[in-house]
Amino acid sequence: FGTLVAWHLDRAFALGVRLLHNREDAEDLTQDAFLAALEHIDAFDDARPFWPWLSRIIVNRGLDLAAARTVRVTEALPDEISDSSAGPAEAAERAELLARFRHELALLPPRRKLVMQLFELDGYTIAEIAELLDSSPATVRWHLHAARHQLRRPLAHFRQEGP
């Protein structure tokens with residue numbers, strides 16, 4: 001089991017941070033998930049990969065913890081998303097768009113927000129997210145569609161009309 005922990009610790013912690021947006025909470029979640037996995041290791045089918053099983057434990061426990069919070073936390077977008085070559089007007093508009101996007105993303109229900117982040121920001125595929133969340137690909141696509149739809153209206157005035 002120690003070898004499994006060593007192989008999956010960094011990835012488990014990264015998923016915990018993505019879910020909870022807080023390093024200390026993610027550390028607690030990761031530790032809790034590994035302990036739960038150890039407690040139920042006899043239920044694990046060793047013919048299957050360990051990561052999907054562990055990631056489901058992390059996601060389920062992380063979503064429960066996130067839902068229990070009364071204050072929603074926003075997450076800063078990575079610096080590489082911003083365009084440093086833009087002029088002052090473009091930079092101001094971009095900053096306003098990013099702030100508005102962060103705000104609107106924080107308002108999404110936890111599962112939609114997670115699906116949107118995993119797909120759009122982390123590059124997971126629909127199939128990977130479905131396995132991670134123990135859902136069907138159709139359900140993941142629906143959550144992604146619903147999240148995009150919910151973000152479309154408040155961000156509509158930022159859309160540029162093409163010729």
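Is it fair to say Leu54 is of a type in the set (A, V, I, L, M), modelled with pLDDT of 85 or more and open to solvent by 60 Å² or more (accessible area, probe 1.4 Å)? No: the conditions fail for Leu54. Evaluating Glu75 against the criteria (1) modelled with pLDDT under 85; (2) more than 12 Å from the chain's Cα centre (by Cα); (3) assigned to a loop (DSSP other than H, G, I, E, B) leaves one unmet condition, (2). Across segment 15-42, the qualifying residues are those that are among the hydrophobic types (A, V, I, L, M, F, W, C) and either touching a Phe, Trp or Tyr at 6+ places or on another chain (Cβ under 9 Å) or not in a helix (DSSP H, G or I) (or both), and the one among them that is most open to solvent (accessible area, probe 1.4 Å) is Leu38. Could you look through segment 104-125, keep only residues that are surrounded by fewer than 19 Cβ atoms within 10 Å (Cβ to Cβ) and of a type in the set (A, V, I, L, M, F, W, C), and pick out the one that is nearest to Phe50 (Cα to Cα)? Residue satisfying both the conditions and the ranking: Leu121.
The values are calculated or read from the model by the stated rules, or taken from the named source; none is laboratory data. Being a predicted model, the structure only gives us computed values, none of them experimental. Reconstructed Cβ throughout: ideal geometry from the backbone, glycine too, with neighbour counts over all protein chains shown. Note: areas computed on protein heavy atoms with side chains; ligands, DNA, RNA excluded. Shrake-Rupley method; radii C 1.70, N 1.55, O 1.52, S 1.80 Å.
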